[in-house]
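*Asks:* Starting off with a structure, shown below.
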Amino acid sequence: MLDEVRGLSAYTAYNANVDAIVNLKAEIVQNLIDSFGADEIRRRIEEYPREIREPLDFVARLIHALKTGKPMAVPLTNEEMHRWFDETFKYDMERIGGQAGIIANLMAGLKVKKVIAYTPFLPKRLAELFRRGVLYPVVEEGKLKLRPIQEAYREGDPLKVNRIFEFRKGMKFKLGDEVIEVPHSGRFIVSSRFESISRIETRDELRPFLPEIGRQVDGAILSGYQGLRLQYSDGKDANYYLRKAKEDIMALKEADIKVHVEFASIQDRKLRKKVVTNIFPLVDSVGMDEAEIAYILSVLGYRDLADRIFTYNRIEDAILGGMIILDELNFEILQVHTIYYLMYITHRDNPLNEDELAKSLEFGTTLAAARASLGDITKPEDYEVGLKVPFNERSDYVKLRFEEAKRKLRMREYKVVVVPTRLVSNPVSTVGLGDTISTGTFLSYIALLRRH
């Protein structure tokens with residue numbers, strides 16, 4: 001299977017960013033407290049800023065996260081603060097972030113035949129984080145050219161940096177007279193949310209060449225629609241960018257390739273509904289987790305089922321929800337990834353049989369287990385590491401619950417396949433595991449379809 005996957009070519013777009021990681025130490029936190037003053041910080045914690053506009057907002061929310069030991073993410077809305085962060089912190093590591101960025105580097109690590117990655121903004125700091133072998137489409141003298149992405153950067157493009165502050169259980173510091181001990185390990189994420197980087201689109205000069213890109217690949221993986229806004233200050237809105245996104249998909253599909261969308265949670269109900277109703281019916285494959293099934297069901301009007309999934313997390317509800325989404329939005333195959341199982345739901349007329357679909361899911365979970373074990377996939381042989389990771393301890397329970405679901409639900413018109421996940425007990429990293437599963441399953445799905 002690995003060799004067949006490596007024989008494919010793929011295009012991925014749109015969202016890529018810099019993940020800048022700081023491993024917090026007590027003295028770093030203490031210095032911040034001393035700089036801003038314990039009383040000022042306490043007052044700002046009381047106000048509980050929902051977004052970060054100035055340094056004190058950041059320090060207050062960080063201290064709050066450390067006190068509770070809970071992972072949190074807060075949007076940064078002031079682009080001017082890039083400099084303050086870069087001058088205040090020494091990053092322990094910078095790596096690629098964003099679904100399209102992670103997927104491009106994963107495919108390059110597997111040495112997939114051709115990897116074309118596109119993001120509308122490509123500043124140098126971002127371009128340098130892509131792996132060698134990733135190509136970027138540019139237009140030169142009216143012709144499409146694929147350049148090594150490191151050489152294709154543009155001066156002056158806006159930069160998206162998500163800053164990740166990792167903290168460890170047991171770290172102690174003082175907030176005035178109060179001694180704080182961090183109760184749990186976790187991370188505090190400051191995610192850039194500026195208008196300049198929230199436009200998901202293909203640049204006008206490249207758009208006419210999308211059919212040509214489609215002819216050079218076997219499949220496309222698109223993501224990042226969660227970054228859209230309902231309104232922009234220049235009068236454009238989400239509808240404008242979704243129209244462009246639909247044109248992009250139709251242009252790629254002129255070459256008769258499979259298109260996969262990797263969905264991510266969208267908090268705003270209106271925007272979520274716009275994305276799923278505009279984008280899903282045009283693509284072949286969609287990947288999501290079980291919470292995202294519930295979020296989509298809630299905007300499609302199936303509130304009770306959505307609530308059941310959130311409350312009880314039963315396989316039978318996820319299957320029923322998945323079948324509804326597949327039928328309401330009319331695409332080819334739904335892939336669901338959860339901690340204990342992976343699932344495909346497709347219609348009965350899909351050319352692949354249940355064994356082949358299971359093989360595709362197993363490829364996805366093995367690839368993710370390799371990434372979790374090693375922290376990254378840097379060469380094709382890394383895949384073998386995933387084969388040594390055992391299936392999770394709830395595998396038998398998953399199989400039992402799936403058999404029960406089959407008896408309860410009317411599934412005659414569908415092929416539903418569930419496989420347990422390979423679970424690494426002490427992962428080196430959990431970042432991008434969902435994207436890894438979706439990439440592995442989608443590419444292996446295409447490879448298996450080519451056998452028919």
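*Asks:* Sort 257-266, 312-321 by the packing proxy (mean of other Cβ within 10 Å over each peptide's residues), most packed first. Spell out each step's value before the answer.
*Replies:* Details: 257-266: 22.6, 312-321: 19.9.
Taking the mean over residues of other Cβ atoms within 10 Å, the ranking is 257-266, 312-321.
*Asks:* Check Tyr341: other-chain or 5+ apart residues with amide H under 5 Å from its amide H, H built from backbone geometry?
*Replies:* Amide H neighbours of Tyr341, under 5 Å, 5+ apart: Thr421.
*Asks:* A follow-up question, please. Per residue, how many Å² of accessible area does region 243-331 show with a 1.4 Å probe?
*Replies:* I get 41 Å² per residue for region 243-331.
*Asks:* Follow-up question, since we're still on this one. Within the P(r) computed for region 229-324, what percentage of the Cα pairs occupies the region above 15 Å?
*Replies:* Working: 2936 of 4560 pairs.
Summing the P(r) tail past 15 Å for region 229-324 gives 64 percent.
*Asks:* Check which residues have an amide H placed less than 5 Å from Ala73's amide H, if you skip close sequence neighbours.
*Replies:* Residues meeting the criterion, in which the H sits 1.01 Å from N, are Ile189.
*Asks:* While we're on this one: For a paramagnetic label modelled at 7 Å from the Cα of Arg53 toward its Cβ, which residues of region 74-104 fall within the zone defined by backbone nitrogen distances under 17 Å?
*Replies:* It comes to 74-82, nothing else.
*Asks:* Shifting gears a bit: Search the structure for amide H atoms under 5 Å from the amide H of Ile221, placed 1.01 Å from N in the peptide plane, and list their residues when 5 or more places away or on another chain.
*Replies:* Amide H neighbours of Ile221: Tyr11, Thr12, Ala13, His260.
*Asks:* On to the next question. What share of the DSSP beta bridges in the chain is antiparallel, in percent to the nearest 5?
*Replies:* Values: 35 of 71 bridges.
Restricted to the chain, the bridges split so that about 50 percent are antiparallel.
*Asks:* Right, here's the next one. So if I average 1/r over every pair of distinct C-alpha atoms in region 152-251 and take the inverse, what Kirkwood radius in Å does that give?
*Replies:* Its Kirkwood hydrodynamic radius stands at 17.6 Å.
*Asks:* To one decimal place, what orientation-averaged projected area in nm² is obtained for the convex hull of the Cα set of region 386-448?
*Replies:* Values: hull surface 23.5 nm².
Over all viewing directions, region 386-448 projects a mean Cα-hull area of 5.9 nm².
*Asks:* Leaving out ligands, DNA and RNA, and with a 1.4 Å probe, what % of the accessible surface on the chain is carbon or sulfur?
*Replies:* 47
*Asks:* From the backbone phi of region 19-27, what are the Karplus-calculated ³J(HN,Hα) couplings (6.51 cos²θ - 1.76 cosθ + 1.60, θ = phi - 60°) in whole Hz, Gly and Pro given as x?
*Replies:* Computed from phi, the couplings for region 19-27 are 9, 9, 10, 10, 8, 5, 10, 4, 5 Hz.
*Asks:* Let me ask you something else. How large is ³J(HN,Hα), in whole Hz, for each residue of region 422-429 in order, when computed from phi with the Karplus curve 6.51 cos²θ - 1.76 cosθ + 1.60 and θ = phi - 60°, using x for Gly and Pro?
*Replies:* Working through the residues one at a time gives 7, 10, 8, 5, 10, x, 5, 8 Hz.
*Asks:* What is the P(r) of region 329-452, as percent of Cα-Cα pairs per 5 Å bin from 0?
*Replies:* Over region 329-452, the share of Cα pairs per 5 Å bin runs 2, 11, 21, 23, 18, 13, 8, 3, 1 percent.
*Asks:* Cα centroids of region 349-385 and region 269-309: how far apart, whole angstrom?
*Replies:* 25
*Asks:* Would you calculate the volume per residue, in Å³, of the smallest convex hull containing every Cα atom of region 103-187?
*Replies:* Expressed per residue, the convex hull around the Cα atoms of region 103-187 is 133 Å³.
*Asks:* In Å, what Rg and Dmax follow from the Cα atoms of region 1-78?
*Replies:* 19.3, 61
*Asks:* Follow-up. Once Rh for region 283-368 is found with the Kirkwood sum over Cα pairs, what is the Stokes-Einstein diffusion coefficient at 10 °C and 1.306 mPa s, in µm²/s?
*Replies:* 120
*Asks:* Further question: Round to a whole angstrom and tell me the spacing of the C-alpha centers of region 391-434 and region 87-146.
*Replies:* A separation of 32 Å, based on Cα centres.
*Asks:* Please compute, for the alpha-carbon atoms of region 42-134, the extent along each of the three principal axes and give them in descending order in Å.
*Replies:* Its Cα atoms span 55, 27, 23 Å along the three principal axes.
The values are calculated or read from the model by the stated rules, or taken from the named source; none is laboratory data. Predicted, not measured: the structure shown is a model, and the values here were computed from it. Because the Cβ atoms are built from the backbone with ideal geometry, glycine has one as well, and the counts that use them run over all protein chains shown. Surface accessibility is based on the protein's heavy atoms, side chains included, excluding ligands, DNA and RNA. Shrake-Rupley method; radii C 1.70, N 1.55, O 1.52, S 1.80 Å.
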